[in-house]
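Take a look at the structure below.
The values are calculated or read from the model by the stated rules, or taken from the named source; none is laboratory data. These numbers were taken from a predicted model, which means no experiment stands behind them. For neighbour counting, all protein chains shown are included, and Cβ atoms are generated from backbone atoms with ideal geometry for every residue, glycine included.
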Amino acid sequence: MRISLIRRSSELWNPCVELVRQKYASSYGADVMPRPDAFLAGFMDETPGGSLKVDACAGLTFGSERPFFSERYLDETVEAAISRVSGVQADRRRIIEVGALASGKGGAGSEIIRLTPLVTWCLGMQYILCTATAALVTVFSRLSIPFTPIQAAERERLDPSDQDRWGSYYESGPRTGVISLKDIALLFANSTGRYSFADPEVTLLVGDHRPQSQSAAG
């Protein structure tokens, strides 16, 4: 299994979108259209030199002036919530939202979940914002991913026209919270020797500088 950062220009973008749509439809009867900035995707070669099949993916949205999707579930901005629960002032540009998680093959989803904090740390992020179901929170705990819940995600926070599109998703106990990437030492330790990054490109972050080129594969 290979894992790559997929941009909108990639031929693998639409397969990622379709995998998410199919997974949410089959699991919750939902009709959703993911719109992240990028996907972290795991895929395999069906045949040597043949087409690639996306086995799992997670959507990534970088911090900007526009609201994160999951912020609609909070009573404040995510950086204000982080400051309130941790006492640390958070930089919005160092926060990334992870959502639209989907897997079409056993084991592939766990690899994406395990690797996402490591890759986002490599991208210069300090916090992950996500909305996790009760089942996903259990996976986080098993993989030593330090998820801090902030607030229950409620259907009523959606626009009325969108509420029915999510099917039974809100019956799965979703909660919105954050993962502090400075607290993933145990995840790093448990992942030692598990991944190989091919041709990594590293940018030293100085002051307010954000990396202009980001690549990840494993």
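A few notes on this one:
- The residues listed here are Gly42, Gly50; of these, the one that is farther than 23 Å from Tyr170 by Cβ, at pLDDT below 95 and surrounded by fewer than 21 Cβ atoms within 10 Å (Cβ to Cβ) is Gly50.
- Some residue of the range 64-75 being under 22 Å from Ala153 (Cα atoms), out of contact with any Phe, Trp or Tyr (no Cβ under 8 Å at 6 or more places or on another chain), modelled with pLDDT under 95 and part of a helix (DSSP H, G or I): no
- Flag for Arg72 being among the charged types (D, E, K, R), within 25 Å of Tyr24 (Cα to Cα), without any contact (Cβ under 8 Å) to a residue 12 or more places away in the chain and surrounded by fewer than 20 Cβ atoms within 10 Å (Cβ to Cβ): no
- With respect to the conditions (1) modelled with pLDDT under 95; (2) farther than 22 Å from Val78 by Cβ; (3) of a type in the set (A, V, I, L, M, F, W, C), Ala135 lacks only one, and its number is (1).
- Qualifying residue in the range 87-102 (condition: among the hydrophobic types (A, V, I, L, M, F, W, C), out of contact with any Gly (no Cβ under 9 Å at 6 or more places or on another chain) and surrounded by fewer than 20 Cβ atoms within 10 Å (Cβ to Cβ)): yes
- The residues on offer are Val20, Val78, and the sole one that is within 17 Å of the chain's Cα centre (by Cα) and either under 20 Å from Ser172 (Cβ atoms) or aromatic (Phe, Trp, Tyr) (or both) is Val20.
- The criterion of at least 1 residues that are touching a residue at least 24 places away in the same chain (Cβ under 8 Å) is met, among helices (runs of 4 or more DSSP H) falling completely within the range 101-190, by 108-122, 134-142.
- Note on the range 94-117: residues that are of a type outside the set (Val, Ile, Thr) and under 11 Å from the mean Cα position of the chain (by Cα) total 8.
- Selection status of Ala185, at pLDDT 95 or above, in contact with a Gly (Cβ under 8 Å, 6 or more places away or on another chain), loosely packed, with under 12 Cβ neighbours inside 10 Å and aliphatic (A, V, I, L, M): no
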